[in-house]
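Colleague: Let me begin by handing over the structure; questions about it come next.
The values are calculated or read from the model by the stated rules, or taken from the named source; none is laboratory data. If you're wondering where the values come from, they're calculated on a predicted model, not measured in any experiment. In this analysis, Cβ positions are derived from the backbone assuming ideal geometry, glycine residues included, and neighbour counts consider all displayed protein chains. Only protein heavy atoms, including side chains, enter the accessible area calculation; ligands, DNA and RNA are left aside. Shrake-Rupley method; radii C 1.70, N 1.55, O 1.52, S 1.80 Å.
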Amino acid sequence: MTSWKNQLKNSVTTSQDLCRELSCNKQTVELVAAHYPFRITPYYLKLIKKIGKPLYNQAVPDLRELSDPSGMADPLGEENLSPVANLVHKYPDRALFLVCNECAMYCRFCTRKRKVGKPEMVINEKTIAAGLDYIEATPAIREVLISGGDPLLLSDQRLESILQRLKKISSIEVIRIGTRVPCTLPMRITDDLCQMLKKYHPLYINTHFNHPAEITKESAQACTMLAEAGIPLGCQTVLLRGVNDSPEIIQELMCKLLTIRVKPYYLFQADLTRGTSHFRTRINTGLEIMKGLIGNVSGMAVPTYALDAPGGKGKIPLTPDYIKSLGTTLEFISYRNIPCSYPNYEEKTET
Ligand SMILES: *Cc1c(COP(=O)(O)O)cnc(C)c1O
Ligand code: SF4
């Protein structure tokens, strides 16, 4: 396998290279890239060539990114919830800590496309130290989510220096890393990295696959190596029009994730991010997809479908409605759409 650094060095980042490799309009790519950068690893490029649209759409700049009247630059109100730069403290007991402004691939639908991969997202020793100081001074924070960008684009040494400091903070019980490299740059998962990460348990990794074709021999190996290092793996899939917006595709994806030891965690409704409205599905689509999963496949393969409420109001689960009425009996429909009922009372105990 080629080394991950070579993969990054040989990534496609210019319109000329992109339009030589894939069918695209050079002028469009340049216009869009002036606002939102792109990068495609040779590994993912090969997959795009083999699979086409659902992968192409995730990676190749699209003119519609520039003509989106509805979106918000910062849909989750992250900047307002940042006591120090690059640390989002939205929930009382956990904090989102952005430690890298780069990704192996720049997803066109990224929630943080306002800054990821751009010079505006300044992350350096000082901002990281300020984040760590805030976490240390805020004992209500029990869990730190290390994200970005993609934290696994940092060197093992830089990532370890952050983990080391977090480990020393007695109020931190759990560390979680969010990364898409198992999908877009699986060769980043090396033995050395796994040896390093396993020193910082309890450590969880949530990765990000959106299409069954992203599950390859290479990504399976990356996830297996992480799992062998004792790291529980979750997946945060984004529901995307033209990528995975059908019950069949999501069913296949979720079941395949289990085979590579990844537990589906969230299926996200696409955020209201400016430049991404062409990816958005209706909530109904997501609910129908969830109905297709619930009961029909292993409960292990069923993620929580959720939206992240605008302005930082938090994630809200979106669940198909099985309850028809709730009085002295619960009237509901089964996963096969059969009407059922169930008693709803407490035994009176004699006193
Ligand atoms: C999503 C998110 C979290 C984590 O939420 P979970 O439901 O625990 O996965 C934490 N902080 C911020 C700012 C988030 O956006
Ligand atoms: S890997 Fe995550 S942070 Fe990076 S561009 Fe994709 S969605 Fe955004």
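Table: residues versus (1) modelled with pLDDT under 95; (2) outside any helix (DSSP H, G or I); (3) in the same structural domain as K217 (by TED's automatic domain parsing); (4) aromatic (F, W, Y).
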site: Y36; (1), (2), (3), (4): no, yes, no, yes
site: Y44; (1), (2), (3), (4): no, no, no, yes
site: K50; (1), (2), (3), (4): no, no, no, no
site: L96; (1), (2), (3), (4): no, yes, yes, no
site: M105; (1), (2), (3), (4): no, yes, yes, no
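Colleague: For the range 175-196, give me each residue that is assigned to a loop (DSSP other than H, G, I, E, B) and either out of contact with any helix residue (DSSP H, G or I) (no Cβ under 7 Å at 6 or more places or on another chain) or outside the structural domain of E218 (by TED's automatic domain parsing) (or both).
Modeller: Within the range 175-196, R180, T190 qualify.
Colleague: Taking interchain pairs and intrachain pairs at least six residues apart, which have beta carbon atoms under 7 angstrom, with the first residue in the range 106-132 and of a type in the set (A, V, I, L, M) and the second at pLDDT 95 or above and away from ligand 1 (no atom under 16 Å from the Cβ)?
Modeller: That search, which allows pairs on different chains as well, returns V116/N101; V116/C103; V116/Y106; M121/N101; I123/C100; I123/N101; I128/I162; L132/R165.
Colleague: Restrict the check to the range 279-301 and report whether at least one residue is open to solvent by 20 Å² or more (accessible area, probe 1.4 Å), under 21 Å from the mean Cα position of the chain (by Cα) and within 16 Å of ligand 1 (Cβ to nearest atom).
Modeller: Checked against the condition, which is being open to solvent by 20 Å² or more (accessible area, probe 1.4 Å), under 21 Å from the mean Cα position of the chain (by Cα) and within 16 Å of ligand 1 (Cβ to nearest atom), the range 279-301 yields no hits at all.
Colleague: Here are the criteria: (1) open to solvent by less than 20 Å² (accessible area, probe 1.4 Å); (2) under 20 Å from the mean Cα position of the chain (by Cα). Tell me which single one V174 does not satisfy.
Modeller: V174 satisfies every listed condition except (1).
Colleague: Let me ask something else. When the residues of the range 188-237 are filtered to those that are touching a Pro at 6+ places or on another chain (Cβ under 9 Å) and of a type in the set (F, W, Y), which remaining residue is most open to solvent (accessible area, probe 1.4 Å)?
Modeller: Within the range 188-237, the match that is most open to solvent (accessible area, probe 1.4 Å) is Y204.
Colleague: Could you list all residues from the range 83-102 that are open to solvent by less than 40 Å² (accessible area, probe 1.4 Å) and within 16 Å of ligand 2 (Cβ to nearest atom)?
Modeller: Scanning the range 83-102 gives N86, L87, V88, L96, F97, L98, V99, C100.
Colleague: Of everything in the range 131-171 that's closer than 24 Å to P92 by Cα, more than 16 Å from ligand 2 (Cβ to nearest atom) and acidic (D, E), which residue is least open to solvent (accessible area, probe 1.4 Å)?
Modeller: In this case the residue turns out to be E143.
Colleague: Please indicate, with yes or no, whether at least one residue in the range 48-67 is away from ligand 2 (no atom under 16 Å from the Cβ), without any contact (Cβ under 8 Å) to a residue 40 or more places away in the chain and not small (G, A, S).
Modeller: yes
Colleague: Looking at this structure, is I215 within 26 Å of V174 (Cβ to Cβ) and not acidic (D, E)?
Modeller: For I215, the condition - within 26 Å of V174 (Cβ to Cβ) and not acidic (D, E) - is not met.
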